[in-house]
1. For the range 141-149, indicate whether the set of residues that are assigned by TED's automatic domain parsing to the domain that holds ARG72 and part of a strand (DSSP E or B) is non-empty.
2. Residue check: is ALA130 in contact with a Phe, Trp or Tyr (Cβ under 8 Å, 6 or more places away or on another chain) and either closer than 19 Å to VAL159 by Cβ or in the same structural domain as ARG74 (by TED's automatic domain parsing) (or both)?
3. How many residues are in contact with a Lys or Arg (Cβ under 9 Å, 6 or more places away or on another chain) and polar (S, T, N, Q) when one looks only at the range 54-68?
4. State which residue pairs qualify: first residue over 13 Å from ILE93 (Cα atoms) and at pLDDT 95 or above and inside the range 56-74, second residue aromatic (Phe, Trp, Tyr) and outside any helix (DSSP H, G or I) in any location, beta carbons under 7 Å apart, and separation of 6 or more residues or different chains.
5. Give the residues of the range 114-156 that are of a type in the set (Ser, Thr, Tyr) and farther than 23 Å from PRO82 by Cα, sorted by residue number.
6. Looking for something at positive phi and in the same structural domain as ILE151 (by TED's automatic domain parsing) - is there at least one such residue anywhere in the range 80-97?
7. Taking the range 150-168, which residues are modelled with pLDDT under 95, of a type in the set (Lys, Arg) and assigned to a helix (DSSP H, G or I)?
8. Looking only at the range 50-98, how many residues end up being basic (Lys, Arg), loosely packed, with under 15 Cβ neighbours inside 10 Å and under 15 Å from THR142 (Cβ atoms)?
Amino acid sequence: MKIPIISAATHFKMATWQYGEWTWGGRACSIAVMKKAASSRRGSAAKGKGAPKNVEEYLASVPKPALSTFTRLRAAVQSAVPAEATEVISYGIPAFKRKRVLVWFAAFSNHCSLFPTAAVIEYFKNELKAFSTSKGTIHFPTDKPLPTSLIKKIVKARVALDQAKKSR
């Protein structure tokens with residue numbers, strides 16, 4: 001059996017199975033076989049039978065512990081985006097879009113997330129110290145009160161940032 005291999009120096013050679021071992025260019029070598037990684041067990045509403053096609057399908061798949069927090073998050077975001085923004089599914093989660101996506105939001109088993117872009121999170125980093133954040137995500141635990149006024153400020157800042165990019 002022969003298997004093509006490209007070395008770090010990008011030289012094309014054939015690995016050959018001879019005498020009970022793999023050889024490559026006449027010298028013994030080993031070939032690693034990669035195993036498929038186990039699928040994620042995270043409790044996202046987007047996981048399951050495929051990505052939802054619309055927001056109603058997404059809502060139907062939201063974990064029960066996160067449903068009330070997600071509903072309040074959605075209402076806060078909806079009240080802060082411009083009236084012409086439409087609610088869509090993007091990357092398997094709900095988002096509000098006006099020519100381009102303004103913000104995404106999602107529900108998980110123990111938290112809800114808002115994805116307003118890294119620049120907005122950086123701008124509000126002092127007000128977000130009480131929450132888990134990453135470069136582009138804010139996590140709101142389902143067992144704590146949702147800061148709707150802060151969410152509205154964040155979404156309005158994201159809309160303003162989007163409008164500033166348009167005017168350039």
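The values are calculated or read from the model by the stated rules, or taken from the named source; none is laboratory data. What you see is a predicted model; the values in this text were computed from it and never measured. Here the Cβ is made from the backbone with ideal geometry for all residues, glycine too, and neighbour counts use every protein chain on show.
1. If we filter the range 141-149 for residues that are assigned by TED's automatic domain parsing to the domain that holds ARG72, which is where we start, we get 141-149.
Filter once more, keeping what is part of a strand (DSSP E or B): 141.
There is at least one residue in the range 141-149 that is assigned by TED's automatic domain parsing to the domain that holds ARG72 and part of a strand (DSSP E or B).
2. On the way: in contact with a Phe, Trp or Tyr (Cβ under 8 Å, 6 or more places away or on another chain): no; either closer than 19 Å to VAL159 by Cβ or in the same structural domain as ARG74 (by TED's automatic domain parsing) (or both): yes.
Against the criterion (in contact with a Phe, Trp or Tyr (Cβ under 8 Å, 6 or more places away or on another chain) and either closer than 19 Å to VAL159 by Cβ or in the same structural domain as ARG74 (by TED's automatic domain parsing) (or both)), ALA130 does not qualify.
3. Narrowing the range 54-68 to residues in contact with a Lys or Arg (Cβ under 9 Å, 6 or more places away or on another chain): 55, 59, 61.
Remaining after also requiring polar (S, T, N, Q): 61.
Of the residues in the range 54-68, 1 are in contact with a Lys or Arg (Cβ under 9 Å, 6 or more places away or on another chain) and polar (S, T, N, Q).
4. THR69/PHE140; LEU73/PHE105; LEU73/PHE140
5. Quick first cut of the range 114-156, residues of a type in the set (Ser, Thr, Tyr) only: 117, 123, 132-134, 137, 142, 148-149.
Matches in the range 114-156: SER132, THR133, SER134, THR142.
6. Quick first cut of the range 80-97, residues at positive phi only: 91-92.
If we keep only those that are in the same structural domain as ILE151 (by TED's automatic domain parsing) as well, we get 91-92.
Yes, some residue in the range 80-97 is at positive phi and in the same structural domain as ILE151 (by TED's automatic domain parsing).
7. Residues satisfying the conditions are LYS165, LYS166.
8. Adding up the residues that qualify gives 1.
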